[in-house]
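Since every read-out is calculated from the coordinates, none of them should be taken as a lab result. Every value quoted in this text rests on a predicted model; they were computed, and no experiment measured them. Quick reminder, even Gly has a Cβ in these numbers, built from the backbone with ideal geometry, and neighbours come from all protein chains shown.
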Amino acid sequence: MTTSLDMATADATVPAVAMSGITKRFPGVIANHDVDFEVAVGEVHALLGENGAGKSTLSNVLTGLYHPDGGEIRLAGEVVRIGSPREALARGIGMVHQHFRLVPTFTVAENVMLGHTGRFNRRAAEDRVAEIGEEHGLPVDPSAKIWQLSVGQQQRVEILKALERDARVLILDEPTAVLTPQEAEALFVTLRRMAAGGRSVIFISHKLDEVMAVSDRVTVLRDGTDVGVVEVATTSARDLARLMVGRDVVFNADDGQERASVDADRIVLRVRDLCAADNRGRPALNGVDLDLAAGEIVAVVGVSGNGQRELAEAICGTRRRTGGTVEVDGQPTSGRDPREMIAKGVSHVPEDRLHTGLSPSASIEENLVLKSYRRPPISAGPFVRRRAVRRNAETLIERFGVKTTGPTVSTRLLSGGNVQKVLLAREFSAAPKVLVAASPTRGLDVGAIETVRGLLLDASRSGTAVLLITEELDEALALADRVAVIYEGRIVGVVDRASADLTEIGLLMGGGRPPAEEL
Amino acid sequence: MLRLERRVDVPRWWTWAVPVASVLAAMVLGAVLIVSSGNDPLDVYRRIFESAVLGSGSLSGTVVAATPLLFTGLAAAAAFRMGVFNIGGEGQFIIGAIAGAGVALRFGESMGAGVIPLMIVAAAVAGALWAAIAGALRAWFKTNEIITSLMLNYIALNIGDYLIFNSESSWRLLEGSGRMFPQGKPIDTSAEWPFSHVGPVDFPFGFWLGVIIAIVVWVLYRRTRFGFEVKVIADSPSAATYAGMRARRTIVSVMALSGALAGIGGASDIGDTRHVFDPKGLRQSGYGYTGIVVAALARLNPVAVVPVALLMGGLNNAGRALQGRDFPAGLVGTLQGLILFCALGGEILARYRVRRVAKAVLAS
Ligand SMILES: Nc1ncnc2c1ncn2[C@@H]1O[C@H](COP(=O)(O)OP(=O)(O)OP(=O)(O)O)[C@@H](O)[C@H]1O
Ligand SMILES: [Mg+2]
């Protein structure tokens, strides 16, 4: 195969990718305005910016998904027009999207080879996939079916897919958002290794420490324009944050905030011996006990895949319970119907935002009333009051800082972070008794993370019991009154924030034996 | 090589431009066919237009022909909007006709015109129940409703045949000519639906009923909680469940609604036009299937179903009037097929962009 990028290896001073003056407009917004962006051969280049700054748009322009309204793209010095993602791949540009595009019932090898024409030879394909995996330090069983893999492994398959086509430039859109810290660590090693081998990596992330750890240079986008390119070696996380937001950012603002007074006598969520199965029907929750008092924040931490998702869903009624009970404010619940839980005042921020938490094609204003449309003031008798829907949307968009051109925009068209804000706005504004939130800050920029943490504290101050499911220990310790560790579908330890010990929690997360008195 | 690629942004005005362009494209394709059959397309189109619109009584005929399509078109649109593919409009129409005729035959003489609302209700309920069978199978057993509703069409047709040809049911005329040729018993004249006159055009009562129902269905889907649920369930079932919507119940309701609309069409067939239950005639008309074409061309918008039903009704009307005399046989059916074909093609072109891909790029 001869692509324009093969020449790049010969001359390392010509940038692998040079985008200049890129402009991309959508009805009512300029997502990219005169953006210059250059990636050298053999570097990891981070693309940083707030939610809605235009990062995904810029990478979609590079992969041919969007056609720019202005500007020029050069690959290894040669001006090109990229018509489609397929053409981009043929020119050596691969992309790993935030939402994977794999066929769950196909094997790893089948997914990697998908899109090739000609006969599919299973043996040869599996050998080839194993070989590429070995070469790049991405071990994965080529004959495993996608649905059997963890999210981290699925991401590896996506990367393998790009490498199999010999991508010289690899774009990863918020790749760590779905990974555990350990998996993220492993990914960074892979990325560095690929860069050392002469490939170029474009890394999109909101997490400043990750950007500092893995990349050589950073391009910062703000409101659709590029505001600077900096060498990581000569900058700090604080400087990057200032560049990104346009003002100083206060880290850990919540530490100073007044905490809620926990009303320990009023248990609003009482979970006893809760059991549930995962999507494949295997037991995933094996008898969970939890008590949440009004105004209390309890964080559930654990390595992903230990029953966190099932716990949230079994409490909120979207997953069938196979045993145990859940009481809300002293009342038993049947758990067979999400509507019952909504009516009892249980809010839920699910893991899969765009397809479970929201109706992607519906407008923002419709999604903001997805649960409240049944009751006045949003509805009157059988009718939905459009005026009330609009007013509700205007208030919430303003209050939660959703960046959009209007309430009637289809939710699918929002940037990743803004999709999430719509969901959070709806769930927080319902004034719930219990709020079950799965990684509510994942995918948000630093400013928005502070806002969400503030909202969680606000909610607890107004008496909501918050069950915060997270993989980030820092977040758990910053917000929670108590930290519960989940392992293989059981709560293996509960620690008070005051007496929390990181090594002990780490040990529990890994299934180590807890000291007896902590149980 | 050509490839389809999803368009990211689709302009608003395409909503109406695409169907209009589809009809025009179908006419061009039709012209090619007419030429190849040795006729003059302009002349043929002029004659169609004359017998559908201009000629004396033509518009009245067009409105009458459009009325059943209005109901079956609404039925298809109501179901398809939720991604429930009710192909059973045909059967639901027949069941509605059986119910409507049954009520009219039983109570027509004693109740007079008061039987008309009763006919409508009976037909709606019968059609709804018939369709709900396929709906419930889909909701609880995940059975493909395309297949079940289609199968139910054959059952309905056979029930119809049985009532008139193979039994001495109360739908069958058993005196007079009925002893020689099996046929339905005419309903009492007082149960016949009234016509109203606007200028030179006669409008059957069923047409106005259909127009009102179209508006009601539009309001139902655009302005009510039910319509909101339908929209969310169609877009993302998991989001609907999460938000506490009852997806199964809604699937059955939508199916029943669709069946009720087709069923009322059956009652209108008895009350407005035939005044007799005629399974053979219904089988030939295929209103249920044409209704799907109407709904597709109306882009599932209930209000747009009205003009589209008139267009298709006009074609049917012209086809009937021009039959025989040096008019290409089957042309009207072919034109309708072409319109559907172009409408679906137009839909694809509206959503996707066709790109030419260089061989070299593909080979890599
Ligand atoms: N297809 C589209 N149609 C209309 N507007 C769009 C479309 N895609 C993106 N936008 C808008 O362009 C802007 C930039 O979006 P983009 O997805 O590039 O942001 P981002 O930097 O990736 O943000 P995030 O970190 O939240 O993912 C946003 O205001 C978004 O609403
Ligand atoms: Mg993005």
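Data table
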quantity: HN-Hα J in Hz across the range A:498-506 - Karplus 6.51, -1.76, 1.60, θ = phi - 60°, x for Gly and Pro; calculated: 4, 9, 5, 10, 4, 5, 5, 4, x
quantity: Contact order normalised by residue count of chain A, Cα under 8 Å, 6+ apart, percent; calculated: 15 percent
quantity: The range B:102-190: trypsin sites (Lys or Arg not before Pro) in DSSP coil with no more than 11 other Cβ atoms inside 10 Å; calculated: B:142
quantity: The range A:293-452: radius of gyration and largest Cα-Cα distance (Dmax), Å; calculated: 16.0, 46
quantity: Normalised per residue, the volume of the convex hull around the Cα set of chain A (Å³); calculated: 162 Å³
quantity: Volume of the Cα convex hull of the protein assembly as shown, divided per residue and given in Å³; calculated: 206 Å³
quantity: For the range A:85-104 versus the range A:496-511, the gap between their alpha-carbon centres in whole angstrom; calculated: 39 Å
quantity: Separation between Cα centres of the range B:15-65 and the range A:131-177, rounded to whole Å; calculated: 57 Å
quantity: Contact order normalised by residue count of the range B:65-298, Cα under 8 Å, 6+ apart, percent; calculated: 45 percent
quantity: Rounded tilt (10° steps) of A:122-135 against the dominant C-alpha axis of chain A; calculated: 90 degrees
quantity: Difference of contour (0.36 nm per residue) and Cα-Cα distance, residue A:227 to residue A:327; calculated: 30.8 nm
quantity: Where only C-alpha atoms are counted, convex hull volume of the range B:1-116 per residue in Å³; calculated: 238 Å³
quantity: Cα-based equivalent ellipsoid of the range A:285-354: semi-axis lengths in Å, sorted from largest, via gyration tensor; calculated: 18, 15, 14
quantity: The protein assembly as shown - share of DSSP beta bridges that are antiparallel (%, nearest 5); calculated: 60 percent
quantity: Residue B:167-residue A:355 FRET efficiency (beta carbon distance; Förster radius 51 Å; 0.05 resolution); calculated: 0.45
quantity: Percent of beta bridges antiparallel (DSSP, chain A, rounded to nearest 5); calculated: 55 percent
quantity: Cα pair distances of the range A:398-444 binned at 10 Å [whole percent]; calculated: 24, 53, 22, 1
quantity: Burial ranking of peptide ranges A:39-46, B:327-334 (average Cβ count within 10 Å, highest at the top); calculated: A:39-46, B:327-334
quantity: Longest to shortest principal axis, alpha-carbon extents of the range A:102-164, angstrom; calculated: 30, 26, 18
quantity: Degrees separating the helix A:446-461 axis from the principal Cα axis of chain A, which is the longest one; calculated: 10 degrees
quantity: Highest-first arrangement of A:309-319, B:205-215, A:135-145, where packing means the average Cβ count within 10 Å; calculated: A:309-319, B:205-215, A:135-145
quantity: Cα-based equivalent ellipsoid, the range A:353-428: semi-axes from gyration tensor eigenvalues, Å; calculated: 20, 13, 11
quantity: Length gained when the stretch residue B:158-residue B:196 is fully extended (0.36 nm per residue, less Cα-Cα span); calculated: 10.2 nm
quantity: 5 angstrom amide H check on residue B:301, placed H, neighbours 5+ away; calculated: none
quantity: Stretch gain in nm, segment residue A:141-residue A:127, where the contour uses 0.36 nm per residue and the Cα spacing is subtracted; calculated: 4.0 nm
quantity: Rg followed by Dmax, in Å, when the range B:104-170 is reduced to its Cα trace; calculated: 15.5, 46
quantity: FRET E, pair residue A:278, residue B:248, Förster distance 30 Å, beta-carbon r, rounded to 0.05; calculated: 0.85
quantity: Principal axes of the range A:178-251: Cα extent on each, largest first, Å; calculated: 35, 27, 23
quantity: Cα-based helix-to-principal-axis angle, A:386-400 vs chain A, degrees rounded to 10; calculated: 70 degrees
quantity: Entries of A:145/A:421; B:185/B:280; A:371/A:433; A:207/A:433; A:403/B:231 with Cα pairs more than 26 Å apart; calculated: A:145/A:421; A:207/A:433
quantity: Rough spin-label spacing in nm, given labels placed 7 Å along Cα→Cβ, for residue A:237 and residue A:26; calculated: 3.0 nm
quantity: Dimensionless Rg ratio for the range B:65-298, taking C-alpha atoms and the 2.2 N^0.38 Å reference; calculated: 1.03
quantity: Computed FRET value (nearest 0.05) for residue A:395 with residue B:113, which takes r as the C-beta separation and R₀ as 60 Å; calculated: 0.65
